[in-house]
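Below is one structure, written out as structure tokens; the observations come after it.
Please treat every number below as a calculation from the coordinates, not as lab data. It should be emphasised that the depicted structure is a prediction, and the values quoted were computed from it without experimental measurement. Cβ coordinates were reconstructed from backbone atoms using ideal geometry, including for glycine residues, and neighbour counts include every protein chain displayed.
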Amino acid sequence: MPDARILGIESSCDETGAAVVRSGQQILSNVVASQIATHQPYGGVVPELASREHLRAIVPVVRQALAEAGQTYQSVDAIAVTQGPGLAGALLVGISYAKALAFAVEKPLIAVNHLEGHIHAVLLEQRQSENSDLHFPVLALVVSGGHTHLYLAQVQENLWSYRNIGHTRDDAAGEAFDKVAKLLGLGYPGGPIIDRLAPHGDPQAVKFQTSQIKHPDRRGQKQSDRNQLSAEEDGPHFDFSYSGIKTAVLRYVETQSLKPVIEVRRQALAGIDKPKLEDYLRLCDRQTLNLVASFQRSMVNDLVMKTLTAAREYDVRTLFVSGGVAANLELRTIFEREAGMQGLPVFFPSRALSTDNAAMIAAAAFPKFMRQEFVAMDFSAEAGMLLR
Ligand code: KG4
Ligand code: ZN
């Protein structure tokens with residue numbers, strides 16, 4: 001296998017990332033500049049601000065990644081960049097930079113789907129820990145702020161292919177975590193805060209129902225496309241829906257008259273620079289902690305149960321869980337326990353590689369490098385890019 005050093009660049013949302021990965025299996029550097037502080041006052045990512053921050057960060061982040069890896073612009077073998085899905089303006093910063101660099105130093109350019117990157121984050125770390133014993137087919141749950149997708153993944157001679165067998169019909173799981181945290185005055189991003197608060201509440205205290213989806217999703221499909229789908233392609237789908245639980249939390253807040261205490265908490269936290277767990281705990285009463293714990297338990301149970309049902313239906317041999325929400329401790333624990341009971345191995349990226357980073361982009365680019373799957377200089381961002 002050739003010894004290829006690939007410089008990866010990621011700018012699809014609110015993290016500017018650059019990394020150097022050797023042959024899809026060894027991280028030489030992985031630098032992430034987070035924009036959380038920029039977006040925090042708005043309670044979510046503001047696309048215009050994201051593009052501006054990427055522009056500011058991209059040059060120093062790439063320089064740092066090369067320096068930490070002991071590489072130069074000239075010494076890397078290829079440049080890989082996220083093509084989509086993501087925010088168009090944010091993607092364009094990474095793509096324009098990568099194109100200019102590839103042109104200047106005469107290196108091949110590789111376009112990577114961000115979701116494929118999340119899946120390869122798992123593979124990269126498995127290879128890094130010398131676990132090459134992966135059995136196919138693999139079922140990958142990519143669960144982040146923008147996605148809750150199930151993919152069947154296969155590989156043949158470095159050609160990876162993916163088949164989507166489930167997706168969210170409305171909110172992504174991470175989006176539900178973020179919206180519920182915002183609603184409860186806990187700040188942004190909500191996932192990591194809820195993750196840390198949940199163990200302090202009773203997960204059985206409030207009963208939430210997650211939606212059970214029975215009918216196929218036909219939105220956005222033309223009749224001609226529907227007719228073309230063979231029974232096999234059309235196969236069983238395992239879709240998710242999380243806008244209902246978010247509304248149920250809102251209803252609970254209203255019926256229990258929690259708004260005044262939420263407002264007090266919001267203002268108190270806004271006045272603290274980098275609040276700690278103790279600050280959150282001091283500002284949350286038992287009822288709120290119970291609500292947070294119950295919300296997280298319902299989300300986790302739904303993600304785990306639907307994924308395991310899909311795994312049985314498609315008779316998969318390995319499970320991957322990746323994306324920002326895969327950092328969630330309870331999700332990991334329950335997945336491991338439940339998949340273990342089915343005798344199904346489940347792999348997660350480390351917490352650092354769960355959220356957006358460029359090492360996963362450089363890793364996903366390696367099989368494409370091997371196949372010489374390079375892109376021409378006229379390729380562009382694809383905000384709604386599908387994974388196939
Ligand atoms: O993959 P990612 O960094 O960006 C996207 O591609 O969306 O995922 C970010 C999402 C956010 O919604 C964030 O709240 C969620 O992942 N997240 C978590 C945790 N850490 C990040 N959700 C639950 N528990 C966590 N520990
Ligand atoms: Zn992501």
All aspartates and glutamates inside 18 Å of Lys107 as judged from Cα atoms, apart from same-chain residues fewer than 8 positions distant:
Asp3, Glu10, Asp77, Glu373, Asp378
Over all Cα pairs of the chain, the Kirkwood radius sets Rh, and Rg/Rh then becomes 0.97
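Can you tell me how the stretch 1-110 classifies by the Cα gyration tensor, rounded, prolate or oblate, using a/c under 1.5 as the rounded cut?
Prolate shape, in that a/c is at least 1.5 and a/b is the bigger ratio.
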If I take the Cα coordinates of the stretch 330-378 and project them onto the principal axes, what are the three extents in Å, biggest first?
48, 22, 15
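Given the peptides 184-195, 115-126, 55-66, arrange them by the average over their residues of other C-beta atoms within 10 Å, most packed first.
On the way: 184-195: 22.2, 115-126: 27.0, 55-66: 19.1.
Final packing ranking: 115-126, 184-195, 55-66.
Going down the table (Lys182/Lys274; Lys99/Lys368; Lys207/Lys276; Lys182/Lys259), which pairs top 21 Å between alpha carbons?
Values: Lys182/Lys274 16 Å; Lys99/Lys368 17 Å; Lys207/Lys276 28 Å; Lys182/Lys259 12 Å.
Flagged as over cut-off: Lys207/Lys276.
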Bin all alpha-carbon pair distances of the stretch 138-344 at 5 Å intervals from 0 and give each bin's fraction as a whole percent.
1, 7, 15, 18, 17, 14, 10, 7, 6, 3, 2, 0
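Where a ≥ b ≥ c are the square roots of the eigenvalues of the C-alpha gyration tensor, would you call the stretch 62-189 rounded, which needs a/c under 1.5, or, failing that, prolate if a/b is larger than b/c, or oblate? It would help to have the intermediate numbers written out before the result.
Values: a/c = 1.90, a/b = 1.27, b/c = 1.50.
Judged from the Cα gyration tensor, the stretch 62-189 comes out oblate (a/c at least 1.5, b/c at or above a/b).
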Between Phe240, Phe295, Phe103, which gets the highest mean-square fluctuation from a Gaussian network model of the chain, Cα cutoff 10 Å?
Phe103
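Compute the relative contact order of the chain as a whole-number percentage, counting only Cα pairs closer than 8 Å that sit 6 or more residues apart in sequence. Numbers along the way, then the final one.
Working: 768 pairs, mean separation 105.3, N = 388.
Worked out over the chain, it gives 27 percent.
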If you take every DSSP beta bridge whose two residues both sit in the stretch 138-344, what share of them, in percent to the nearest 5, is antiparallel?
70
Potential lengthening between Gln372 and Met341 on full extension [0.36 nm per residue; Cα-Cα distance subtracted]:
7.0 nm
Just to be sure I understand the model, the point goes 7 Å from the Cα along the line to the Cβ. What's the resulting Met305 to Arg52 distance in nm?
4.5
What does the charge dipole of the stretch 138-344 about its Cα centre add up to, to the nearest 20 debye, if the Cβ of each Lys and Arg holds +1 and the Cβ of each Asp and Glu holds -1?
520
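Sorted by average packing, counted as other Cβ atoms within 10 angstrom per residue and highest first, what order do 80-91, 280-291 take?
Working: 80-91: 25.3, 280-291: 17.5.
Packing proxy ranking, top to bottom: 80-91, 280-291.
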Quick check: net charge around Glu330, other residues with Cβ under 9 Å of its Cβ, Lys/Arg +1 and Asp/Glu -1?
+1
Crossing angle, helix 114-128 versus the chain [Cα axis fit, 0-90 degrees, rounded to tens]:
80
Between 0 and 90 degrees, rounded to the nearest ten: what's the tilt of helix 329-341 against the longest Cα principal axis of the chain?
80
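When the dipole is taken about the Cα centre of the chain, and only Lys, Arg (+1) and Asp, Glu (-1) are charged at their Cβ, what size is it in debye, to the nearest 20?
Working: 38 positive and 42 negative charges, 141 e Å.
Value, rounded to 20: 680 debye.
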Starting from the Cα-Cα distance between Gln74 and Gln40, subtract it from 0.36 nm times their residue separation and give me the gain in nm to one decimal.
8.5 nm
In deg cm²/dmol and to the nearest 500, what is the mean residue ellipticity at 222 nm of the chain if only DSSP H runs of at least 4 residues count, each as -39500 (n - 2.57), divided by the residue total?
-14000 deg cm²/dmol
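Mind ranking 163-173, 261-271, 298-308 by how tightly packed they are, going by the mean number of other C-beta atoms within 10 angstrom, highest first? Please list the in-between numbers first.
Details: 163-173: 19.3, 261-271: 14.4, 298-308: 21.6.
In decreasing order of mean packing, 163-173, 261-271, 298-308 become 298-308, 163-173, 261-271.
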So if R0 is 45 Å, what FRET efficiency would Phe136 and Ser380 give, r being the distance between their Cβ atoms, rounded to the nearest 0.05?
0.85
Taking 0.36 nm per residue of separation and subtracting the Cα-Cα distance, what length does fully extending Leu329 through Gln212 add?
39.7 nm
